[in-house]
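Notes to accompany the following structure.
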Amino acid sequence: YPYLEVFSQRHPDVAVLMLSRGSAEENQSLVEAQGYAFPILAWDNAVARDYQIPGVPFCYVIDGEGVIANAGFANTLEQLEVLAVGGKE
């Protein structure tokens, strides 16, 4: 998911979390191997349950008040940019 890393570097003020079907150990190994600047949570994490994620790659944009501001599928960096920040780099 290199586009998530690019997005997180372009927008250091935005917290990026990724969910994966891998175990916590597998996900941590992936973070270390790829040098990701964001955490990868296990699919069975409370975040996945609480937000009832319909599939992947799905994105929730949560504002500073904790309210869902936008949501949708994001398969590319461009789609993520539009969904998260209105396409502004």
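Note on the stretch 49-79: residues that are free of Cβ contacts under 8 Å to residues at least 24 places away in the same chain and not in a loop (DSSP other than H, G, I, E, B) total 15. Residue count for the stretch 60-82 satisfying the condition of being over 12 Å from the mean Cα position of the chain (by Cα) and among the hydrophobic types (A, V, I, L, M, F, W, C): 4.
From the list Val56, Val16, the lone residue that is surrounded by 10 or more Cβ atoms within 10 Å (Cβ to Cβ) and at pLDDT 85 or above is Val16. Consider the stretch 1-13 and keep the residues that are surrounded by 13 or more Cβ atoms within 10 Å (Cβ to Cβ) and part of a loop (DSSP other than H, G, I, E, B). The one that is nearest to the chain's Cα centre (by Cα) is Tyr1. The residues on offer are Asp63, Asp50, and the sole one that is touching a strand residue (DSSP E or B) at 6+ places or on another chain (Cβ under 6 Å) and loosely packed, with under 13 Cβ neighbours inside 10 Å is Asp63.
So is Val85 among the aliphatic types (A, V, I, L, M) and surrounded by fewer than 15 Cβ atoms within 10 Å (Cβ to Cβ) or not?
No.
Test Ala69 against the criterion of being small (Gly, Ala, Ser) and either at pLDDT 80 or above or exposed (fewer than 15 other Cβ atoms within 10 Å of the Cβ) (or both), and give yes or no. In short, yes. Would you confirm whether or not the stretch 28-42 contains a residue that is modelled with pLDDT under 80, assigned to a loop (DSSP other than H, G, I, E, B) and either surrounded by 10 or more Cβ atoms within 10 Å (Cβ to Cβ) or in contact with a Phe, Trp or Tyr (Cβ under 6 Å, 6 or more places away or on another chain) (or both)? Among the residues of the stretch 28-42, not one is modelled with pLDDT under 80, assigned to a loop (DSSP other than H, G, I, E, B) and either surrounded by 10 or more Cβ atoms within 10 Å (Cβ to Cβ) or in contact with a Phe, Trp or Tyr (Cβ under 6 Å, 6 or more places away or on another chain) (or both), which makes the answer no.
The values are calculated or read from the model by the stated rules, or taken from the named source; none is laboratory data. This one's a predicted model, so the numbers in the text were calculated from it and none came from an experiment. Glycine gets a Cβ as well: all are built from the backbone with ideal geometry, and neighbour counts include every protein chain shown.
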